[in-house]
């Protein structure tokens, strides 16, 4: 990674956004600071600001799918510990709870499939 200019307009906007809005993830920082997410992560902007002690990872937010997203905070600080990934059993349990699979009986999935087939037949006219 080459030398990044901390006084660049992009870097100043990133720091300004965190000062104005508080803790944000990379997607929100990119949106508010008018900087591409690619510049923030692959371009090393966030990593460089962390190394300089200008920002730190305050927490992680679990996403619906994929790994947890870091939440950045202005100023130096101890980085938050990244949460472990869900096991397959935990993911299955979360899905069952979210969809109500167990509470709807064993025929629930069969009904969902049959409804989907019927829906497709109605849309195609077959």
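Right, residue 92: over 12 Å from residue 26 (Cα atoms) and under 17 Å from the mean Cα position of the chain (by Cα) or not? No; evaluated as a whole, the condition is false for this residue. At least 3 residues being within 29 Å of residue 91 (Cβ to Cβ) is the threshold, and among the helices (runs of 4 or more DSSP H) wholly inside the stretch 1-72 those reaching it are 26-33, 37-41.
With respect to the conditions (1) within 18 Å of the chain's Cα centre (by Cα); (2) part of a helix (DSSP H, G or I), residue 79 falls short on a single one, namely (2).
Throughout, read-outs are computed from the coordinates displayed, never taken from laboratory work. It should be emphasised that the depicted structure is a prediction, and the values quoted were computed from it without experimental measurement. Cβ atoms come from the backbone with ideal geometry, glycine included; neighbour counts cover every protein chain shown.
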